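The values are calculated or read from the model by the stated rules, or taken from the named source; none is laboratory data. The model shown is predicted, which means the values in this text are computed figures rather than measured ones. All Cβ positions, glycine included, derive from the backbone under ideal geometry; neighbour counts span all protein chains shown. Just so you know, the surface numbers come from the protein's heavy atoms only, side chains and all, with ligands and any DNA or RNA stripped out. Shrake-Rupley method; radii C 1.70, N 1.55, O 1.52, S 1.80 Å.
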Amino acid sequence: MSLKSIIQEMRSRSRRVVQDGSTAEVGNGLAQSCWVHMPQELLREVLIRIESSENAWPPRKSVVACAGVCRSWRRITKEIVKTPEVSGTLTFPISVKQPGPRDLLLHCFIKRNRSAQTYCLYLSLTSALADDGKFLLAARKCRRATCTDYIISLHADDMSKASGTFIGKLRSNFLGTKFTIVDGQPPHAGAKISRSRSSRLVGLKQVSPRVPAGNYPVAHISYELNVLGSRGPRRMHCVMDAIPASAIEPGGVAPIQTEFSSSRIDFLSSMRFSWSKSNEPNHTDDQSSGSSSNQKDGLLVLRNKAPRWHEQLQCWCLNFHGRVTIASVKNFQLVASPENGPAGPEHEKIILQFGKVGKDIFTMDYRYPISAFQAFSICLSSFDTKIACE
């Protein structure tokens, strides 16, 4: 049988697995399949060929289909598929929580729905500034009396904190000048949880103690008063609580999440989503308290790149290399801040850039050591109204 026919068969079986909605029955349902009992050496060779031949979306879905066949296929596929840092490719849902590629910016874009107050992140599939894209994440804006929350989910049609697809959120203060990015699961070993209630409640439902839940602050974002007035970009300062400053240096390492914590599997059997029915984090005006101690803790600090004055255009400009086409106060580029040390070449690299290309379309390009989830959250903070900065 040809490689193409094997891929088609895997897609068919994967669809049946999704329709069944039960991973416990996957192995039994395919117990008599020749694919399940294929010799491990031959199976690994087949999967390696499929993975190497389908290195971009949408053909990349064949790799995901292979991981949905049974446990042994999933295990080997996960061993073969490299992280975005190495491969430069997003394959499984957990990829959005893993650092981007080291040597290039991963091109994405965000679509805003003003009426629904939702935002969707897509992976760019072509060189065009905005195409159909591969859906990655969605966020919904929730206004509260003293703050604003952006609920971030793996599913565009289910953006509730009580959902199994909830992975984190972004919370602002009343003025929209300080933000906290909260992960629904520990970003690394030893991560500290933020709690505000002794009982774990989501709406009116009590969360089972067996389900991992919590709020783990992974970044603090602050916007300063714009001394350039309306002519210049906002001044941003991001303290990445979960990433050491050494991560941007040669040989530096950033924490990597390998799977979602979960007590059930909702989509393909290879995709493990997080329950993350989390508590509300403590909310005070000093939520950027991590900023004052980031030098001592050696945390990565990002700042927006300073623009240059263009004499002919009579405006402040940044070089987005064609990825941004419309001037906007929301546009920015983030680089690593040297803080107290000398600036090196690693502090000149653009780690995240965001800019407007249409009425409700914005490009988002990111790289190591931040993840798509962290980059998306930082960009969401740019959408929020800054009463004290504008």
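Details
- One residue alone among Gly184, Gly190, Gly176, Gly164 is modelled with pLDDT under 90, crowded, with 17+ Cβ neighbours inside 10 Å and at positive phi, and that residue is Gly176.
- Only a single item in (1) at pLDDT 90 or above; (2) open to solvent by 40 Å² or more (accessible area, probe 1.4 Å) is not met by Gln333, and it is number (2).
- Test for Glu51: is it more than 30 Å from Glu346 (Cβ to Cβ), among the acidic types (Asp, Glu), modelled with pLDDT under 95 and open to solvent by 50 Å² or more (accessible area, probe 1.4 Å): no
- Selection from the range 92-111 of residues that are open to solvent by 40 Å² or more (accessible area, probe 1.4 Å) and either touching a strand residue (DSSP E or B) at 6+ places or on another chain (Cβ under 6 Å) or not hydrophobic (A, V, I, L, M, F, W, C) (or both): Arg102, Asp103, Leu105, His107, Lys111
- Whichever residue in the range 118-131 is open to solvent by less than 60 Å² (accessible area, probe 1.4 Å) and over 14 Å from the mean Cα position of the chain (by Cα) and, among such residues, is nearest to Gln333 (Cα to Cα): Leu129
- Residue within the range 79-91 that is within 21 Å of Ala219 (Cα to Cα), open to solvent by less than 20 Å² (accessible area, probe 1.4 Å) and charged (D, E, K, R) present: no
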